[in-house]
Each structure stands twice: as structure tokens, then as C-alpha cells.
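Remarks on the structure that follows.
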């Protein structure tokens, strides 16, 4: 097993930091060193700066999401930051699609789930009820699943804007999995895209809520459960190692144990660096 490390070696050619190229481009030695440590050269740094990205760590995140300096403004205009962009990009959405879904109140996972259900059923969405605003019509069109209309026509699903909770679509997607897992979601009447994501990874509804509170993704939680860990046991293990609650998910996602994370924090490594490595691991 390869040990996760946060050490920042010097660039591949082994040369030490040279401030001159940075200073000739109008950057201070300190600022240049920050970009250099993230393996971004002076010209690239200037491109990011001119695009409105002032922090090297954000440039790294945008690169992880597959966004270049000349297109980053489109994402910023859509009010999608680098962390969000990774999720949208990972699920195959363009910036135009991401902007449209986000304006309709959907997250990347919810938008993906809605699109997946349409692909699975092969049926068009039911028309929105009269009187809906344009935004609600857009959300309804993306989330409504085929159903039998009542005496006054179709009515909007509960949880509008959260992915269109629909037990029929939920059962179509996860119905063949562990009956105990499926039943736990039926009991809670939790059928939206998040529920589908958690159930697909074999995690019962009550456990999913606990893992969500800890900040883990379904895949990360599944790996812990396969080792026999519950969310509470995991949280306790990290608390005992002295890791703040709001940092736990990023350290876990980066692949470190509580002991390793504590050692890295003692060396001055921040949870923000762990978050970047977490994103990188998702793309492997």
C-alpha cells in the first residue's frame, strides 16, 4: 500500500526556487513561491490571476475539474466554485448544463440522478401544473416522473427542487439490492437522488444520515462500513486523535488514518491540502 504524503518536493528538475521570473512579471517573491510550490509556472500563474483566480490552491482545484484559465470565468459567472466544479465535471456536465441545473436548485448529484432516471424509464416528464413559475416549471420538468394523474391533473412531487422524491423511480433503481437497505428508505419515505446514491452503496437510511453529518460521500462511507466501522465509531476515532470535526471528511477522503492526519497537522499541513488530495483521489 502506498503511503499518502503531503510532502512538497521541489520541481522535477531539482532546481531551487528562483524569484527573478516572478518578480519580472510583477509578483513578489512570497507570492511567486506560493504558486511555485503548487507546480504552477509564472506564465500560468499570470493567466490564472488575470482570470480572477488569486489563490494557487484554487487554481489547482480548477485544474482538477478540467477548467482552464480561459474558461474559468464561465464557472465563476455561474456562481460555481472550484470544489463544486469538480463534482459537476466528474459527472459529465458542461458549465452551461451545470449553470442551468444549479439555477433550478439542483446539485450535481441530484441533476445526475434525474437524468439517469429519465434514461432508465425512457419516458418523457409529465407537464407541470398550471400556475407554476418558470423556475418551478424547469425543476418540475427535470424531476417529475411518470405517474397516474388525480382528478384535477398531475400535482408536483414533494421535495420539489431536491431531485423529485419518487418511490417508483427509487425502486426501479435500487429495488434489486439488499431488501433491508431498501426497506429502511421506504420507512423514512426518503426517495430522492441522495437516497438513491446512498442505497446504491448498500448503506441503510439511518446510517446514511450519520455518515452525511460526518461529511463523507457514499463511496467513502461504504469503504468504512466494509471494515466494520459505524459513523459514530469513526467520529470517535478521529476525535480521540485530536482532529476537528469539520476536518474529518477531508482527511478521510485524502486516504489518511487518524494518526497520520494528526502527524501531518503537527507538521503544519492544513485540511485544505487534504481536500485537494481528496479531489485528486476521486479522479484516479
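The values are calculated or read from the model by the stated rules, or taken from the named source; none is laboratory data. Just so it is clear, the structure is predicted and the values come from calculations on it, not from any experiment. Cβ atoms come from the backbone with ideal geometry, glycine included; neighbour counts cover every protein chain shown.
Key figures for this structure:
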| quantity | calculated |
| --- | --- |
| Out of 45, 19, 65, 31, sole residue that is surrounded by 14 or more Cβ atoms within 10 Å (Cβ to Cβ) and within 25 Å of residue 92 (Cβ to Cβ) | 65 |
| Selection status of residue 180, touching a helix residue (DSSP H, G or I) at 6+ places or on another chain (Cβ under 6 Å), in contact (Cβ under 8 Å) with a residue 12 or more places away in the chain and more than 26 Å from residue 84 (Cα to Cα) | no |
| Qualifying position, being more than 27 Å from residue 104 (Cβ to Cβ), modelled with pLDDT of 80 or more, surrounded by fewer than 16 Cβ atoms within 10 Å (Cβ to Cβ) and out of contact with any helix residue (DSSP H, G or I) (no Cβ under 7 Å at 6 or more places or on another chain), among 233, 189 | 233 |
| Helices (runs of 4 or more DSSP H) wholly inside the range 45-114 containing at least 3 residues that are within 29 Å of residue 270 (Cα to Cα) and under 14 Å from the mean Cα position of the chain (by Cα) | 56-64, 82-90 |
| Restricting the range 247-266 to residues that are farther than 18 Å from residue 218 by Cα and touching a residue at least 60 places away in the same chain (Cβ under 8 Å), the residue that is surrounded by the fewest Cβ atoms within 10 Å (Cβ to Cβ) | 260 |
